[in-house]
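Input: a single structure, listed below in structure tokens.
The values are calculated or read from the model by the stated rules, or taken from the named source; none is laboratory data. Predicted model only: the values in this text are computed from it and were never measured. Here the Cβ is made from the backbone with ideal geometry for all residues, glycine too, and neighbour counts use every protein chain on show. Protein only, heavy atoms only, side chains kept; ligands, DNA and RNA dropped before computing areas. Shrake-Rupley method; radii C 1.70, N 1.55, O 1.52, S 1.80 Å.
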Amino acid sequence: MSEIVNININSFENVNYPILIGENLLENIEKYLKTYVNADKYFIVTNKTIYKIYKKYLNIKNSKVLVLNDGEKYKNIKTYKKIIDEASKYNINRTDSFVAFGGGVIGDITGFCASTYMRGVKFVQIPTTLLSQVDSSVGGKVAINTNLGKNLLGNFYQPKLVISDISTLKTLNMRNFKTGLAEVLKYAFIQNSISLCDKNNSFFNFLNKNKSKIYNLDKQILIETVKTCCCLKRDVVIKDEKEAGLRAILNFGHTFGHVIENLTHYKKFTHGEAIVYGMNFALNLSYNLGLISKDYLNNSLSFISDYNLINKKLPKFKFNNVLKTMQLDKKVENNKLRFILNNENYMVSIVKDIDIDDLKAVFDTFYK
Ligand code: NAD
Ligand code: GLY
């Protein structure tokens with residue numbers, strides 16, 4: 001049995017795409033591609049790990065599969081060139097479509113290739129990790145890394161279709177599942193800043209109530225979770241596709257999170273683990289600046305820690321290095337640090353001009 005939740009993103013100029021969310025959707029990839037994309041040929045990009053498990057679903061008429069090595073370190077220019085070269089060998093042109101079958105790494109690099117190949121060809125996202133289902137496959141950010149930085153070469157390029165099959169989460173390891181959960185929790189803290197959504201705490205309460213069901217991969221609860229995240233993200237992105245303002249709230253917890261990833265060379269912490277610390281940092285800073293009450297702070301910190309997403313200690317960073325790295329982050333405007341901070345009632349706001357002493361005070365609490 002499969003259930004499909006169809007979310008239509010239809011507010012972009014000339015862009016309108018459905019996000020299909022359900023169980024066992026991989027069994028019908030060919031049908032969905034025909035219905036929603038109808039390309040002449042499909043150029044499917046995946047990696048070795050995923051191909052080994054899901055090969056049987058990729059036997060699609062008029063398609064070619066390119067299998068890459070697995071890992072963030074392959075999200076680079078060399079792999080970009082390889083994908084483009086293989087696509088041209090297979091005579092992919094404007095009537096054809098790229099298909100990303102994998103997690104955020106595959107989605108980002110395949111999307112970036114699709115956005116530049118022949119000045120842009122069709123593109124489909126089939127996300128297979130929780131992180132990619134709730135975040136990276138929706139909203140059109142595509143990128144590759146360079147020696148000088150993560151996601152330094154990128155684009156905003158919307159797919160034609162997203163197929164999120166929650167059955168793929170059964171084969172994901174717990175660490176990768178938890179990294180996606182960190183992004184899920186993020187949405188609970190920003191939900192009421194997204195004006196098209198209900199003004200209540202429903203997602204926070206939902207996540208509080210359904211923790212064990214989420215960890216037991218209860219299918220209805222997972223579908224509801226992915227759907228809510230996608231709806232929230234859609235409602236942000238249709239208002240601010242190119243991140244001129246509002247879209248930055250999707251980076252709640254990411255300012256300090258990115259610093260942790262950067263200072264540990266993307267090796268020690270997953271993205272989700274880093275943003276757990278980042279959300280803690282933002283909540284404590286919000287409290288110190290008088291934006292939230294002690295009760296709200298404690299309630300929020302328990303909500304995060306009850307999900308048990310990380311048991312790894314923060315390395316002993318030097319504050320000056322943290323500050324320098326924060327200043328390299330995209331959230332610096334006119335040399336002033338910008339933070340996404342909490343307000344009561346599961347809202348956030350973009351606060352500019354944060355005082356360095358306030359950052360230091362929060363930083364020090366991590367080492368008490
Ligand atoms: P990932 O793509 O590296 O996948 C994590 C691991 O899980 C990999 O080893 C992968 O092979 C494996 N895997 C994937 N699906 C599986 C499955 N169903 N079963 C078993 N194993 C599976 O990591 P990720 O967390 O999905 O994505 C991280 C990437 O996403 C980063 O490059 C980050 O920059 C990017 N990102 C992009 C956006 C965006 O908006 N574009 C947002 C957040 C993150
Ligand atoms: N992942 C943040 C964004 O898509 O804007």
Next item on the list: First check a/c for the chain, with a ≥ b ≥ c the square roots of the eigenvalues of its C-alpha gyration tensor; if it is under 1.5, answer rounded, and if not, answer prolate when a/b is larger than b/c or oblate otherwise.
Entry: prolate
Next item on the list: Within region 72-158, list the chymotrypsin sites (Phe, Trp or Tyr not before Pro) lying in a DSSP loop whose Cβ has at most 15 other Cβ atoms in a 10 Å radius.
Entry: TYR90
Margin query: Suppose the chain between PHE317 and ILE84 were pulled fully straight at 0.36 nm per residue; how much longer would it get relative to their current alpha carbon spacing?
Written below: 79.9 nm
Check: For the chain, with every protein chain kept in place, what is the accessible area per residue (1.4 Å probe, Å²)?
Finding: 45 Å²
Margin query: As a test of understanding, state the convex hull volume per residue of region 1-153 from its alpha carbons, in Å³.
Written below: 115 Å³
Next item on the list: Please identify, among LYS227, LYS211, LYS242, the residue showing maximal mean-square fluctuation in a Gaussian network model of the chain using a 10 angstrom Cα cutoff.
Entry: LYS211
Checklist line | Most mobile of GLU86, GLU273, GLU183 in a GNM of the chain (Cα contacts under 10 Å) | finding: GLU86
Notebook entry, point to check: Each label point is 7 Å from the Cα along the Cα-to-Cβ direction; what then is the distance between the points at THR95 and ASN151, in nm?
Noted result: 3.6 nm
Next item on the list: Determine the shape class of region 152-196: with a ≥ b ≥ c the square roots of the Cα gyration tensor eigenvalues, call it rounded for a/c under 1.5, and otherwise prolate if a/b is greater than b/c, oblate otherwise.
Entry: oblate
Notebook entry, point to check: For the charge dipole of the chain, defined by +1 on Lys and Arg C-beta atoms and -1 on Asp and Glu C-beta atoms about the Cα centroid, which residue among ILE354, ASN284, SER305 has the Cα displaced farthest towards the positive pole?
Noted result: SER305
Note to self: If I model a spin label as a point 7 Å beyond the Cα along the Cα-Cβ vector, how far apart are those points for ASN205 and ILE356 in nm?
What the structure shows: 4.5 nm
Check: For HIS271, HIS265, what's the largest-to-smallest order of accessible area, 1.4 Å probe?
Finding: HIS265, HIS271
Next item on the list: Please work out whether region 107-157 counts as rounded, prolate or oblate from its C-alpha gyration tensor, where a ≥ b ≥ c are the square roots of the eigenvalues and a/c under 1.5 means rounded, while otherwise a/b larger than b/c means prolate and anything else oblate?
Entry: oblate
Next item on the list: With springs connecting C-alpha atoms under 10 Å apart, model the chain as a Gaussian network and identify which of SER63, SER302, SER137 has the largest mean-square fluctuation.
Entry: SER302
